[in-house]
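Written below as structure tokens is the structure these notes are about.
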Amino acid sequence: MNNSDIYLYNRKISKNADYTVWLAFPGIESFALSSLGFLWMFKSIDEQSNINVEMVCADTQKTKFKKDDVDLVGFSFTFDTDFLTIFAMLEKYSIPLKSEERDESFPLIFAGGPVVSANPVPYKDFFDFIVVGDGEDVNLNIVNLCKNNRTKSKREILELLAELEGVYVPSLGVRKVKKLTKKLENCIYTPIISENAFFKDTFIIEMSRGCANRCGFCLASYLNLPLRCADYNEIINVIETGLKYTNKIALLGAQISAHPHFDEIFDYIDKKIENGQKIEMSVSSLRVDAIKPQIVKTLVDAGQKNVTLAIEAGSERLRKIINKNLSEEQIFSAIDVAAQCGLKGVKFYGMLGLPQENDEDIKALISLASRIKHLYKGFDISFGFSSFVPKPNTPFQWLGRENSKTLEKKSEFIKKEMHKLGISAAVSSIKWDYWQAVLSRGDETFTEFLIDVYKLGGKLGAFKKAALKNNINSDFYAYENFGFDKDLPWDFIEIKPGKAFLETECNRLLSL
């Protein structure tokens, strides 16, 4: 952060503040400055006159406040392998990794984010407490509670924190924790516009949260149910606020096209462009049925050249099984509109190794790509794939991954066949996806395993060596099909619509 950054709120900087918080981001500063939830939490604390807050990132060279003067440290935990950087940052500031090894002289350490909201158990020994779910409304309460009780022991403060909805305190034992779900009438937006951000000088607006489509594998959907949309007038006001400082805006949401005023919002932006205002706009991936002429016109007018469409699978049969109810007719109609209305290309997102996937589904995928390429010559067509990872609190949480060797063969086959068609195709690392699955379904036995992975360097080989050393049967976590009666590590987290519904939905989808 530097003097050129633009703050869209009133900072309350006081020399008399007697409580100091580090908000820690396990990545470089440019990524932190493009992380909407992280920035919003920073803003809410920075607006308090009686609290010092500092953003600390993996590449921070020198902190404004010394570690010994810090009372509370909060980590963002977005990706499964973030623990590696979190450990490195703790060690950088001479803070023991395990909470039990940190006495009263160390600050309280907590975490929040999708990884620890879905399954905090593998990481429970590293944090004094964990925020489960949407943290915007509770984070400031947490900071104030800690500040107002700073003279008490850590144990006493943690007992008070455990009374707050959405706060999990591992040292107090397993108890039901209800996931926080925020109402979204007021949308959150980029509070700090920076030329150093990964998305340079970009004003990001969260239009919606959650996704009503509920694909069986999708953590972003189920962790954020129900679908919530920001108020239309609020979004318009926020857009006007952002455009006072930058011409770059981005609309964020897992399903922004489900917003009841989606078309009107795009029409509002397009009218401003037609009236001479220069606006560059980007959007997160759109549903195929959202690709309509007026929507594409707005994207093109705002400088967007390509759009990403998530089709997940090549056959309608498999798309139904994952709850992606999308016909080929809809896919081709969307491409047709995109091409005719001025976009230069479409990137398709797909997934390999989905439950009940067979060779015919892979052939259907290649066939679909071939027909698209043949019909839309000169249109840029590309594909990106990941492999299925079972995620907690989704209908497919009980289903194991396909064998890595089989997935590697599928990956190579698809890249080879796409190359023949002249289509660019990228596939995520099957080996890394395997370990992501292990971490996703991990449990309380993982503490020393995670520490050893870090100490051994955090590469693929480190995971394998650490698993052997700690007798972790990684294949069990990655490949095993769990019975519905199995007690899952994350069952104590209360997330709507609940485990019974997920079981019913899993059975329904697999029977299609």
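The values are calculated or read from the model by the stated rules, or taken from the named source; none is laboratory data. Keep in mind the model is a prediction, meaning the values are calculated, not measured. Neighbour counts run over all protein chains shown; Cβ positions are idealised from the backbone, glycine included.
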Discussion item. I'm checking my understanding of the structure. Among residues of region 306-324 that are surrounded by fewer than 19 Cβ atoms within 10 Å (Cβ to Cβ) and more than 21 Å from residue 256 (Cβ to Cβ), which one is nearest to the chain's Cα centre (by Cα)?
Written reply: 320
Worksheet item: Is it the case that some residue within region 207-217 is in contact with a Ser or Thr (Cβ under 9 Å, 6 or more places away or on another chain), of a type in the set (A, V, I, L, M, F, W, C), in a strand (DSSP E or B) and farther than 20 Å from residue 43 by Cα?
Response: no
Worksheet item: If we scan region 218-230, do we find a residue that is at pLDDT below 95, at positive phi, in a loop (DSSP other than H, G, I, E, B) and not small (Gly, Ala, Ser)?
Response: no
Practice prompt. Collect the residues in region 299-322 that are touching a Phe, Trp or Tyr at 6+ places or on another chain (Cβ under 7 Å) and at pLDDT 95 or above, keeping them in residue-number order.
Written response: 322
Item to complete: State whether the residues of region 136-156 include one that is part of a strand (DSSP E or B), under 20 Å from the mean Cα position of the chain (by Cα) and touching a residue at least 12 places away in the same chain (Cβ under 8 Å).
Response: no
Worksheet item: Does residue 242 satisfy the criteria of being closer than 17 Å to residue 290 by Cα and buried (at least 17 other Cβ atoms within 10 Å of the Cβ)?
Response: no
Practice prompt. Taking the residues in region 164-193 that are β-branched (Val, Ile, Thr) and under 18 Å from residue 125 (Cα atoms) as candidates, determine which candidate is modelled with the lowest pLDDT.
Written response: 174
Discussion item. Condition (residue is in contact (Cβ under 8 Å) with a residue 24 or more places away in the chain and outside any helix (DSSP H, G or I)) applied to region 327-334: is it met by at least one residue?
Written reply: no
Worksheet entry | Cross-chain or 6+ apart pairs with Cβ under 9 Å, region 420-440 first and within 15 Å of residue 402 (Cβ to Cβ) and at pLDDT below 95, then β-branched (Val, Ile, Thr) and buried (at least 17 other Cβ atoms within 10 Å of the Cβ) | none
Worksheet item: Does residue 206 meet the test of being closer than 22 Å to residue 242 by Cα and either in contact (Cβ under 8 Å) with a residue 12 or more places away in the chain or of a type in the set (A, V, I, L, M) (or both)?
Response: yes
Fill in: Top-ranked residue in region 33-79 [being among the acidic types (Asp, Glu) and surrounded by fewer than 22 Cβ atoms within 10 Å (Cβ to Cβ); ranked as nearest to the chain's Cα centre (by Cα)]
59
Worksheet item: Just to be sure, is residue 378 surrounded by fewer than 20 Cβ atoms within 10 Å (Cβ to Cβ), free of Cβ contacts under 8 Å to residues at least 12 places away in the same chain and not in a helix (DSSP H, G or I)?
Response: yes
Worksheet, complete the sentence: From the option list 468, 512, 456, 460, single residue qualifying as at pLDDT below 95 and over 30 Å from residue 167 (Cβ atoms) is 512
Practice prompt. Give me the pairs, please: first residue somewhere in region 3-24 and assigned by TED's automatic domain parsing to the domain that holds residue 145 and of a type in the set (S, T, N, Q), second residue anywhere and assigned to a strand (DSSP E or B) and surrounded by 13 or more Cβ atoms within 10 Å (Cβ to Cβ), beta-carbon distance under 7 Å, and either six or more positions apart or on two chains.
Written response: 20/52
Worksheet item: Quick check: is even one residue across region 397-413 surrounded by fewer than 22 Cβ atoms within 10 Å (Cβ to Cβ), assigned to a loop (DSSP other than H, G, I, E, B), at pLDDT below 95 and in contact with a helix residue (DSSP H, G or I) (Cβ under 7 Å, 6 or more places away or on another chain)?
Response: no
Worksheet item: Does residue 115 satisfy being surrounded by 20 or more Cβ atoms within 10 Å (Cβ to Cβ), under 26 Å from residue 15 (Cα atoms) and either aliphatic (A, V, I, L, M) or touching a residue at least 24 places away in the same chain (Cβ under 8 Å) (or both)?
Response: no
Worksheet item: With respect to residue 458, is the statement that it is surrounded by 15 or more Cβ atoms within 10 Å (Cβ to Cβ) and either assigned by TED's automatic domain parsing to the domain that holds residue 132 or part of a loop (DSSP other than H, G, I, E, B) (or both) true?
Response: yes
Discussion item. Suppose the filter is touching a residue at least 40 places away in the same chain (Cβ under 8 Å) and among the β-branched types (Val, Ile, Thr); does residue 73 pass it?
Written reply: yes
Discussion item. If residue 327 satisfies all but one of (1) surrounded by fewer than 14 Cβ atoms within 10 Å (Cβ to Cβ); (2) out of contact with any Asp or Glu (no Cβ under 8 Å at 6 or more places or on another chain), what's the number of the condition it fails?
Written reply: (2)
Fill in: In region 159-179, the residues that are in contact (Cβ under 8 Å) with a residue 40 or more places away in the chain and touching a strand residue (DSSP E or B) at 6+ places or on another chain (Cβ under 8 Å)
168, 169, 170, 176, 177, 178, 179
